[in-house]
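So the structure is just underneath, and the comments pick up after that.
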Amino acid sequence: MAEKRRKLVIATGNTGKLREYRELLASAGLELIAFDTEIDEVGETYTENARLKAETAVERSGLPALGDDSGVEVEALEGFPGIRSARLGPTQEERTAELLKRLEGKPRPWNARFVCVLALADPGHPTQFFEGECRGEIVPEWRGEAGFGYDPVFLVPGTGKTFGEMRLEEKRLYSHRARAVRALLESGALGRLSV
Ligand code: IMP
(Lines give C-alpha, C1' and ligand atoms only; values in the text may rest on other atoms or scores of the structure.)
Protein backbone atom coordinates (compact mmCIF):
# COMPACT_ATOMS: atom_id res chain seq x y z
CA MET A 1 0.00 0.00 0.00
CA ALA A 2 1.26 3.50 -0.82
CA GLU A 3 2.39 5.42 2.26
CA LYS A 4 0.14 8.34 3.15
CA ARG A 5 1.89 11.67 2.79
CA ARG A 6 2.12 13.91 5.83
CA LYS A 7 0.18 17.12 5.64
CA LEU A 8 1.55 20.61 6.11
CA VAL A 9 -0.65 23.70 6.13
CA ILE A 10 0.75 26.81 4.42
CA ALA A 11 -0.82 29.76 6.23
CA THR A 12 -1.12 32.35 3.50
CA GLY A 13 -3.74 33.88 1.27
CA ASN A 14 -1.10 35.35 -1.06
CA THR A 15 -1.15 33.38 -4.33
CA GLY A 16 2.34 34.59 -5.33
CA LYS A 17 3.85 33.28 -2.12
CA LEU A 18 1.87 30.05 -2.32
CA ARG A 19 3.18 29.32 -5.80
CA GLU A 20 6.72 29.77 -4.51
CA TYR A 21 6.18 27.53 -1.47
CA ARG A 22 4.71 24.77 -3.64
CA GLU A 23 7.81 24.92 -5.82
CA LEU A 24 10.32 25.28 -2.98
CA LEU A 25 8.83 22.43 -0.94
CA ALA A 26 8.11 20.08 -3.85
CA SER A 27 11.00 17.80 -2.85
CA ALA A 28 9.85 17.48 0.78
CA GLY A 29 7.24 14.81 -0.05
CA LEU A 30 4.45 16.50 1.92
CA GLU A 31 0.86 17.22 1.04
CA LEU A 32 0.67 21.03 1.14
CA ILE A 33 -2.64 22.58 2.11
CA ALA A 34 -3.23 26.31 1.62
CA PHE A 35 -5.11 28.03 4.42
CA ASP A 36 -5.66 31.77 4.71
CA THR A 37 -5.88 32.64 8.41
CA GLU A 38 -7.01 36.17 7.49
CA ILE A 39 -5.57 37.53 10.72
CA ASP A 40 -4.44 41.09 11.22
CA GLU A 41 -0.68 41.40 11.30
CA VAL A 42 -0.56 43.03 14.71
CA GLY A 43 2.98 42.00 15.65
CA GLU A 44 5.91 44.41 15.84
CA THR A 45 8.33 42.00 14.15
CA TYR A 46 8.38 39.54 11.27
CA THR A 47 8.86 36.77 13.84
CA GLU A 48 5.76 37.70 15.84
CA ASN A 49 3.60 37.88 12.72
CA ALA A 50 4.94 34.59 11.34
CA ARG A 51 4.24 32.92 14.69
CA LEU A 52 0.72 34.34 14.80
CA LYS A 53 -0.12 33.01 11.34
CA ALA A 54 1.39 29.54 11.94
CA GLU A 55 -0.09 29.04 15.41
CA THR A 56 -3.55 30.26 14.33
CA ALA A 57 -3.48 27.78 11.44
CA VAL A 58 -2.52 24.96 13.84
CA GLU A 59 -5.35 25.88 16.23
CA ARG A 60 -7.92 25.87 13.44
CA SER A 61 -6.70 22.82 11.50
CA GLY A 62 -5.06 20.57 14.10
CA LEU A 63 -2.24 20.06 11.58
CA PRO A 64 1.36 21.32 11.51
CA ALA A 65 1.56 24.69 9.78
CA LEU A 66 4.04 27.04 8.21
CA GLY A 67 3.43 30.75 8.62
CA ASP A 68 5.59 33.49 7.19
CA ASP A 69 6.07 37.19 7.25
CA SER A 70 8.16 39.11 4.80
CA GLY A 71 8.89 42.57 3.56
CA VAL A 72 11.28 44.85 1.78
CA GLU A 73 13.55 47.23 3.71
CA VAL A 74 15.04 50.25 1.96
CA GLU A 75 18.25 51.74 3.35
CA ALA A 76 17.47 55.34 2.30
CA LEU A 77 14.11 55.06 4.11
CA GLU A 78 15.66 53.67 7.33
CA GLY A 79 14.28 50.20 6.67
CA PHE A 80 10.79 51.31 5.63
CA PRO A 81 8.34 49.75 4.68
CA GLY A 82 9.61 46.52 6.35
CA ILE A 83 6.78 44.72 8.16
CA ARG A 84 4.39 47.28 6.65
CA SER A 85 5.24 46.25 3.07
CA ALA A 86 1.79 44.78 2.41
CA ARG A 87 0.03 47.89 3.75
CA LEU A 88 1.53 50.78 1.75
CA GLY A 89 -1.63 51.09 -0.35
CA PRO A 90 -4.81 49.27 -1.40
CA THR A 91 -3.31 47.53 -4.46
CA GLN A 92 0.22 46.32 -5.15
CA GLU A 93 0.50 48.78 -8.03
CA GLU A 94 -0.24 51.62 -5.63
CA ARG A 95 2.15 50.20 -3.03
CA THR A 96 5.00 50.07 -5.55
CA ALA A 97 4.17 53.57 -6.80
CA GLU A 98 4.13 54.86 -3.20
CA LEU A 99 7.53 53.32 -2.49
CA LEU A 100 9.02 54.92 -5.61
CA LYS A 101 7.45 58.27 -4.71
CA ARG A 102 9.13 58.21 -1.30
CA LEU A 103 12.47 57.51 -2.98
CA GLU A 104 12.20 60.31 -5.55
CA GLY A 105 15.14 62.70 -5.32
CA LYS A 106 17.17 60.41 -3.05
CA PRO A 107 20.62 59.51 -4.38
CA ARG A 108 20.90 56.11 -6.02
CA PRO A 109 21.61 53.24 -5.64
CA TRP A 110 18.53 52.62 -3.51
CA ASN A 111 19.97 49.68 -1.60
CA ALA A 112 17.39 47.34 -0.14
CA ARG A 113 16.84 43.88 1.17
CA PHE A 114 13.97 41.44 1.22
CA VAL A 115 13.46 39.53 4.46
CA CYS A 116 11.43 36.39 5.11
CA VAL A 117 10.83 34.75 8.49
CA LEU A 118 9.20 31.33 8.54
CA ALA A 119 7.51 29.88 11.60
CA LEU A 120 6.93 26.14 11.79
CA ALA A 121 4.24 25.32 14.34
CA ASP A 122 3.60 21.71 15.26
CA PRO A 123 0.90 20.70 17.77
CA GLY A 124 2.51 20.02 21.17
CA HIS A 125 5.95 21.38 20.22
CA PRO A 126 7.61 24.79 20.49
CA THR A 127 7.38 26.84 17.31
CA GLN A 128 10.63 27.03 15.33
CA PHE A 129 11.85 29.90 13.16
CA PHE A 130 13.93 30.15 9.99
CA GLU A 131 15.08 33.31 8.24
CA GLY A 132 16.33 34.33 4.83
CA GLU A 133 17.36 37.62 3.23
CA CYS A 134 18.18 38.84 -0.25
CA ARG A 135 20.13 42.05 -0.81
CA GLY A 136 19.55 44.16 -3.89
CA GLU A 137 18.48 47.53 -5.20
CA ILE A 138 15.17 49.26 -5.86
CA VAL A 139 15.04 50.68 -9.40
CA PRO A 140 12.68 53.43 -10.61
CA GLU A 141 11.46 51.67 -13.76
CA TRP A 142 9.18 48.62 -13.53
CA ARG A 143 10.79 45.65 -15.27
CA GLY A 144 9.17 42.29 -15.99
CA GLU A 145 5.80 40.70 -15.40
CA ALA A 146 6.83 37.67 -13.36
CA GLY A 147 6.50 37.18 -9.62
CA PHE A 148 4.45 39.37 -7.33
CA GLY A 149 4.68 42.31 -4.95
CA TYR A 150 7.72 44.55 -5.46
CA ASP A 151 9.44 42.03 -7.77
CA PRO A 152 9.46 44.32 -10.87
CA VAL A 153 11.41 47.07 -9.05
CA PHE A 154 13.86 44.84 -7.14
CA LEU A 155 17.14 44.42 -9.02
CA VAL A 156 19.33 41.48 -8.04
CA PRO A 157 23.06 42.38 -8.09
CA GLY A 158 25.18 40.51 -10.61
CA THR A 159 22.20 39.33 -12.67
CA GLY A 160 21.16 42.53 -14.45
CA LYS A 161 17.57 41.45 -13.79
CA THR A 162 14.76 42.32 -11.45
CA PHE A 163 12.82 39.49 -9.79
CA GLY A 164 10.03 40.51 -12.18
CA GLU A 165 12.24 39.33 -15.05
CA MET A 166 13.04 35.95 -13.52
CA ARG A 167 11.23 32.65 -13.74
CA LEU A 168 10.57 30.85 -10.45
CA GLU A 169 13.59 28.57 -10.95
CA GLU A 170 15.87 31.58 -11.25
CA LYS A 171 14.29 33.62 -8.43
CA ARG A 172 14.81 30.69 -6.07
CA LEU A 173 18.59 30.95 -6.51
CA TYR A 174 18.55 34.34 -4.75
CA SER A 175 15.29 34.91 -2.92
CA HIS A 176 14.82 35.50 0.79
CA ARG A 177 11.96 32.97 0.79
CA ALA A 178 14.08 30.28 -0.89
CA ARG A 179 16.85 30.87 1.66
CA ALA A 180 14.47 30.58 4.60
CA VAL A 181 13.03 27.36 3.13
CA ARG A 182 16.54 25.99 2.65
CA ALA A 183 17.27 26.60 6.34
CA LEU A 184 14.01 24.82 7.21
CA LEU A 185 14.82 21.82 5.00
CA GLU A 186 18.40 21.59 6.31
CA SER A 187 17.19 21.64 9.93
CA GLY A 188 15.41 18.31 9.40
CA ALA A 189 12.36 19.68 11.27
CA LEU A 190 9.93 18.59 8.53
CA GLY A 191 10.98 14.98 9.04
CA ARG A 192 10.03 15.17 12.74
CA LEU A 193 6.46 16.49 12.42
CA SER A 194 4.11 14.99 15.00
CA VAL A 195 0.99 14.47 12.89
P1 IMP B 1 3.23 39.69 4.24
O2 IMP B 1 4.41 38.78 4.42
O3 IMP B 1 1.97 38.96 3.97
O4 IMP B 1 3.14 40.72 5.32
O5 IMP B 1 3.46 40.50 2.90
C6 IMP B 1 4.68 41.07 2.65
C7 IMP B 1 4.64 41.98 1.45
O8 IMP B 1 6.01 42.21 1.12
C9 IMP B 1 4.00 41.36 0.22
O10 IMP B 1 2.66 41.69 0.07
C11 IMP B 1 4.83 41.98 -0.90
O12 IMP B 1 4.33 43.24 -1.20
C13 IMP B 1 6.19 42.12 -0.24
N14 IMP B 1 7.00 40.93 -0.56
C15 IMP B 1 7.35 39.89 0.25
N16 IMP B 1 8.07 38.98 -0.41
C17 IMP B 1 8.15 39.43 -1.67
C18 IMP B 1 8.75 38.89 -2.85
O19 IMP B 1 9.32 37.79 -2.90
N20 IMP B 1 8.62 39.65 -3.94
C21 IMP B 1 8.00 40.86 -3.96
N22 IMP B 1 7.40 41.38 -2.92
C23 IMP B 1 7.47 40.67 -1.77
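The values are calculated or read from the model by the stated rules, or taken from the named source; none is laboratory data. Bear in mind that the values here come from a model prediction, so they are computed numbers and not experimental data. For neighbour counting, all protein chains shown are included, and Cβ atoms are generated from backbone atoms with ideal geometry for every residue, glycine included. Ligands, DNA and RNA are excluded from the accessible area calculation, which covers all protein heavy atoms including side chains. Shrake-Rupley method; radii C 1.70, N 1.55, O 1.52, S 1.80 Å.
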- Task: Take a quick pass over the chain and tell me how many lysine pairs come in under 20 angstrom between Cα atoms, counting only ones 8 or more apart or on separate chains.
- Result: 6
- Applied in sequence order to region 153-167, the curve 6.51 cos²θ - 1.76 cosθ + 1.60 (Karplus, θ = phi - 60°) yields integer Hz couplings, x standing for Gly and Pro, of 10, 10, 8, 9, x, x, 10, x, 10, 8, 4, x, 9, 10, 6
- Query: Using θ = phi - 60° and the Karplus form 6.51 cos²θ - 1.76 cosθ + 1.60, what ³J(HN,Hα) does each residue of region 181-193 get, whole Hz, x for Gly and Pro?
  - Reply: 5, 4, 4, 5, 5, 5, 6, x, 4, 5, x, 10, 4
- Task: Apply 1/(1 + (r/R0)^6) to the Cβ-Cβ distance of residue 192 and residue 78, taking R0 = 45 Å, and write down the FRET efficiency to the nearest 0.05.
- Result: 0.70
- Item | Label-point separation in nm, residue 94 to residue 27, each point 7 Å along Cα→Cβ | 4.1 nm
- Task: Divide by every residue of the chain the summed helix terms, -39500 (n - 2.57) for each DSSP H run of at least 4, and state the resulting mean residue ellipticity at 222 nm, rounded to the nearest 500 deg cm²/dmol.
- Result: -8500 deg cm²/dmol
- Can you pull out the trypsin sites (Lys or Arg not before Pro) in region 1-86 that DSSP calls coil and that have at most 11 other Cβ atoms within 10 Å? 4, 5
- Query: residue 18 versus residue 36, label points 7 Å from Cα toward the beta carbon: distance in nm?
  - Reply: 0.8 nm
- Task: Using only the Cα atoms of the chain, construct the convex hull and provide its projected area averaged over every direction, in square nanometres to one decimal.
- Result: 11.4 nm²
- Label 7 Å along Cα→Cβ of residue 125; region 56-81 residues with amide nitrogen under 16 Å? 58-59, 62-67
- Query: For region 87-195, what is the Kirkwood estimate of the hydrodynamic radius, computed as the reciprocal of the mean inverse distance between distinct Cα atoms, to one decimal in Å?
  - Reply: 15.5 Å
- Message: Percent of Cα-Cα pairs more than 19 Å apart in region 142-189, please.
- Response: 27 percent
- Note on the structure: Among GluC sites (Glu not before Pro) in region 78-184, those in a DSSP loop whose Cβ has at most 15 other Cβ atoms within 10 Å are 78, 104, 141, 145
- Query: What accessible area per residue, rounded to a whole number of Å², is obtained for region 1-142 using a probe radius of 1.4 Å?
  - Reply: 53 Å²
- Positive-end extreme of charge dipole, region 7-192 - chosen from 67, 57, 188 (charges on Cβ): 188
- Expressed as a rounded percentage, what relative contact order does region 43-189 have, with Cα pairs under 8 Å and six or more residues apart? 20 percent
